[in-house]
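Readers should treat all values here as calculations from the given coordinates under stated rules, not as data from a laboratory. This structure is a prediction, so every number in the text was calculated from the model and none was measured. No Cβ is skipped: glycine too gets one built from the backbone with ideal geometry, and neighbour counts run over all protein chains shown.
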Amino acid sequence: MLTKDEINKILKVEGRARGVVFQTDAKYILGKKGQAGLKKVEAAIEEIGQPISYGKEIRATGWYPLSWRVISLLVIKGTFGWGEKEIFEMGYAAPKYSFVVRALLRYFVSLDKTFNESAKYWKEHYSVGQLEAPEVNVEEKRLVLQLKDFRVHPILCQYFRGYFKSVALLTVKTDKMTIKETKCVFRGDPYHEFVIEWE
């Protein structure tokens, strides 16, 4: 359970996220834990007094506080006793639930095209931060992503690791792909950096 101090600290996070992220969370929970699991999460959110909803009140294209994004993930994690692995898996599954990703599938014809469109793609989900791909090397089977001006919460590091790997796999057909967060603002680096490699 999140403490009042933790909640107050998270609520200071600036920025907004599209409502689709909450719908994506709900679909994932329904798939993993069923209606009873989703009700548990909703009850836990109600208990801490936050107005986050996974129902019709949330519009997919609406903008909502980014702090709610963090609270949603932390409550889900706490409700089911999940760790980093499960949050990674949740991020990995997210693109298949997101209408924004489906709308952008036309760009996913090649790795270069996919991640060179990353700035637009990022802005469809979040009002803060910049996602860049300073290295897209198909020959060496290596992709580097940098997420700048995004100091929100460490839980998103695991979530994005899964998410970015899943998006990369939409254009790279392989069974062997790794992703590492080589730089992180929560470890003192100036930005987050994710390195994806495959065979």
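Computed values, structure above
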| quantity | calculated |
| --- | --- |
| Relative contact order, percent, region 99-198 [alpha-carbon distance under 8 Å, six or more residues apart] | 25 percent |
| 0 to 90° range, to nearest 10: angle between helix 84-97 axis and the chain longest Cα axis | 80 degrees |
| Candidates THR174, THR79, THR61, ranked by Gaussian network fluctuation over the chain, Cα under 10 Å, top entry | THR174 |
| Loop-resident sites, region 1-46, for trypsin sites (Lys or Arg not before Pro), counting at most 15 other Cβ within 10 Å (DSSP) | LYS12 |
| Cα-based radius of gyration of the chain once divided by 2.2 N^0.38 Å, which approximates compact folds | 1.00 |
| Ranked by how many other beta carbons lie within 10 Å on average, peptides 85-95, 122-132, 181-191 from highest | 85-95, 122-132, 181-191 |
| Where Rh is the Kirkwood radius over Cα pairs, Rg/Rh for region 140-193 | 0.99 |
| Average projection area in nm² (convex hull over Cα atoms of region 99-198, one quarter of hull surface) | 6.1 nm² |
| Average Cα contact separation per residue, the chain, under 8 Å, 6 or more apart, as relative contact order % | 21 percent |
| Proximal aspartates and glutamates to LYS141, defined as alpha-carbon separation beneath 16 angstrom and excluding residues fewer than eight positions away on the same chain | ASP112, ASP175, GLU197, GLU199 |
| Links that overshoot a 27 Å alpha carbon limit, given the list LYS85/LYS173; LYS85/LYS176; LYS39/LYS85; LYS56/LYS183; LYS32/LYS56; LYS9/LYS113 | LYS56/LYS183; LYS9/LYS113 |
| Whole-Å distance, taken between Cα centres, linking region 53-67 and region 146-199 | 25 Å |
| Radius of gyration and maximum dimension Dmax of region 4-82, Cα, Å | 11.9, 32 |
